[in-house]
Structures are given as structure tokens and as C-alpha cells.
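Enquirer: First, the structure itself, so that you have it in front of you.
Just so it is clear, none of the values below were taken in a lab; they were calculated from the coordinates. Only a predicted model underlies this, so the values are computations on that prediction, with no experimental measurement involved. So basically every Cβ, Gly included, is an ideal-geometry build from the backbone, and we count neighbours across all protein chains shown.
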Amino acid sequence: MKKIIKSVNSCESLKELEAIRVSLFGKKGYFAAEFAKMKSLSDEERKDFAQNLNRDKEDFLTLLNNKKLELEAEAIAYEMKKDGVDVTLFNKDSNAGAIHPVMDTMDKIIEYFVAMNFSIEEGPLVEDDFHNFEALNLPKYHPARDMQDTFYFEDGMLLRTHTSPVQIRTMLKQKPPIRMICPGAVFRRDYDLTHTPMFHQVEGLVVEEAGKVSFANLKFILEDFLKYMFGDVQVRFRPSFFPFTEPSTEVDISCIFCKGEGCRVCSHTGWLEVLGSGYVDPNVFKAVGYENVSGYAFGLGVERFAMLLHKIPDLRSLFEGDLRLLEQFR
Ligand code: DAH
């Protein structure tokens, strides 16, 4: 008996254990032989004998079962260790990802305006003529539509050429005051050093009761924003034209490469154009049914900001997924 108990305890595999089980409980095993002995016993003896044997049988079953569970757990642990991956191990060759410079720049822009209490609005990428052009004071056949090389669908819908339609959508949905930005992708038929068919813009719109917002507010916020993005730069407002603003202005910063002295990047002007903005044209308010309000709007290209911030010479490289470029942003 003791020998068997010892052999169960020292048993190292399920196979070994099964052999012991057969030697005990098999047809030709220990218990079968013992029970056979009962035939030759008197009634009196038989009772005691059977009781003892049954108790032994019970004990062995428990012993075998416990050992079986133990060996099974060991086997599972072994398999897991053999095939498993230790995710906590440091791998010096790991290819950890990084935030794409365009999204990183976008986040920084959003961060500024959220801190300035602007809400974030969104709109569809597939737009209709009304929101993308008409309501923004760009009537059909208006020459200003030439500024936008548009991807049209056969049914007259189009891929939005700017984030400005979200101004319209927000004004139609909400009552003034409005203080919003819209970050998002836009599309134009363009492809060269500084243009890709898809790029990102951030649009801004502030609308208040008439007289409560002035050009000074616009100047302050954009100047403050550009200093937040580019550090200690000079900011200048230059008269320009956009159909949806009147007056309109383009905003330049002093060249961050030559500090305004003139270089190739700034075409030797000392200035870099970074934003379009202006006072919202009354026709835009008319299109959304707003009365007695005034406001300002602005729009910028996120890739342009990313290129300037990271000194990236070719815009197209931002969309090629070349690891040699992307790995520099880890
Ligand atoms: N939508 C213009 C563009 O795509 C950018 C722009 C300019 C937006 C002036 C504005 C604005 O809101 O006031 O080129």
C-alpha cells in the first residue's frame, strides 16, 4: 500500500498515473484480485474485509484524482510558458508607432481653441452645392469658384473643398452666439510640392449679437494663436478677398527659417502666409437666416502648419507612409 501511495506522489506524468490507475482498478488490477478473495471468506470476515477494501478504494480514488488535477495544471502551465509571449519584456527592436505629424499638429491647434472656449463641430465629407458654395456667397458661375478645383459626383454632390460648409451647418443648427472650430479633411484636384488631393483644414467661426465682436477680437485671437504655434514671430494682416468674408484678410508670420531676412522658403519676402480670415459677409448670414449679428471667420491648412513646424519640404511626403520620415516623430 505505502509503496503505491509513494509511487502516486512521485509520479511525473499523466501517462504514468494512468498506468497506476489501471494496476489498481483495472480488470486484472489490485482491487479486482482483492474482491475475488471474498468468495473464500466466512460471512463474518467478509463484512470487515469488504468495508476495509471499500475504504481503501475510496482513498485511492481521491489520491489519484488530486494527483491528476495537479499534473494537468502543470501541463497547462508548461504549454503556456512554452508558447506564450511575455508582453512585459522590453524589446529593443520594437516598432512602436508614433502620432503622425499632421495629426499631432491638428491636436495642437485644437488644444489652443478648446482652451479659448471654442466648440468642435463636424460635417460630412460629401457635401452639396448649397453648403459648400451657395450659402458661402459663392453663387453658381461666380468666378471665385475657380479657386476651388472640385471633385464632383455624377449626382451633383461633391467632396467638400474646404471646412467652411461646417460654418453653414452649425449656424443652421444653432442660435448665436457661436464660437466653433471644425477640423477635418478636405479635397481638391491638385497635386504638386505644396498640394495633395486630400488635406486637412481647421475652420473657425465666431458669431455674436451685432456690435459685440470686432476686427480687434479677430486680430487678437489669431495673433495669440500663431504665437502659441510658432513661438516668438511677428504677425501681419494683409487685405485679401474671400467671398464669404468682407473685409477679408490673409495672415502672415515672419519667416521662421530666416527670421524675416529673406530666404528660399519665404521667397525672399521675409513672410509666410498661414491663414485666411475676415469679417463674415452679410450674405452668409442672410443665407442661414441670421439677423442683427456680426462675426469673424478663419481657415487654415493643417499640412502647411506641419510642414513649417517640422521643416518638411514636400507636402506629398506626409502621405507616402515612408517609415524613414515617420520614425523621426517617435
Ligand atoms: N475656406 C478657405 C479656403 O479653403 C479658407 C478660409 C478663408 C476660411 C477665410 C475662412 C475665411 O473661414 O474667413 O481657402
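Enquirer: Over the chain, what is the relative contact order in percent, taking alpha-carbon pairs closer than 8 angstrom and at least six residues apart?
Expert: Across the chain, relative contact order equals 15 percent.
Enquirer: Further question: Please compare each pair in K140/K173; K173/K227; K227/K311; K108/K219 to a cut-off of 29 Å on the Cα-Cα distance and tell me which ones are over it.
Expert: Over 29 Å Cα-Cα: K173/K227.
Enquirer: Where does each of V166, V8 land when they are ranked from fewest to most other beta-carbon atoms within 10 angstrom?
Expert: Arranged by neighbour count, lowest to highest, V166, V8 become V8, V166.
Enquirer: Taking the beta-carbon count within 10 Å as an exposure proxy, list C266, C258, C182 from fewest neighbours to most.
Expert: C258, C266, C182
Enquirer: Could you work out how far the C-alpha centroid of the stretch 209-223 sits from that of the stretch 15-56, in angstrom?
Expert: Measuring centre to centre over Cα atoms gives 100 Å.
Enquirer: Using only alpha carbon pairs under 8 Å that are at least six residues apart, calculate the relative contact order of the stretch 2-83 and give it in whole percent.
Expert: Answer for the stretch 2-83 is 34 percent.
Enquirer: From the residues L138, A77, I109, which one has its Cα farthest along the dipole of the stretch 30-152 in the positive direction, the dipole being from +1 and -1 charges on Cβ of Lys/Arg and Asp/Glu about the Cα centre?
Expert: Of the listed residues, the answer is A77.
Enquirer: Could you let me know the centre-to-centre spacing of the stretch 252-278 and the stretch 282-305, using Cα atoms, in angstrom?
Expert: 25
Enquirer: Which one, R238, R188, R46, has the greatest fluctuation when you compute a Gaussian network model over the chain with C-alpha springs under 10 angstrom?
Expert: Checking each option, the largest mean-square fluctuation is seen for R46.
Enquirer: Report the relative contact order of the stretch 175-291, percent, no decimals, based on alpha-carbon pairs under 8 angstrom and at least 6 residues apart.
Expert: Reported relative contact order: 16 percent.
Enquirer: How do T161, T88, T269 line up, fewest other C-beta atoms within 10 Å first?
Expert: With the fewest neighbours first, T161, T88, T269 line up as T88, T269, T161.
Enquirer: Which lysines have a Cα lying under 18 Å from the Cα of K2, excluding residues fewer than 8 positions away in the same chain?
Expert: The reachable lysines, counting only those whose Cα sits under 18 Å from K2, are K57, K67.
Enquirer: Specify the inter-centroid distance of the stretch 155-185 and the stretch 74-106, based on alpha-carbon positions, in whole Å.
Expert: That distance is 41 Å.
Enquirer: State the volume of the convex hull built on the alpha-carbon positions of the stretch 101-329, expressed per residue in Å³ and rounded to an integer.
Expert: Value for the stretch 101-329: 127 Å³ per residue.
Enquirer: If the rule is a partner Cβ under 4.7 Å, which cysteines in the chain fail it?
Expert: That list is C11, C182.
Enquirer: More than 19 angstrom separation, counting every C-alpha pair in the stretch 1-160; what % is that?
Expert: 77
Enquirer: Sticking with the crude label model, points 7 Å out along Cα→Cβ, report the distance from R264 to T194 in nm, one decimal please.
Expert: Each label point lies 7 Å from its Cα, and together they span 1.5 nm.
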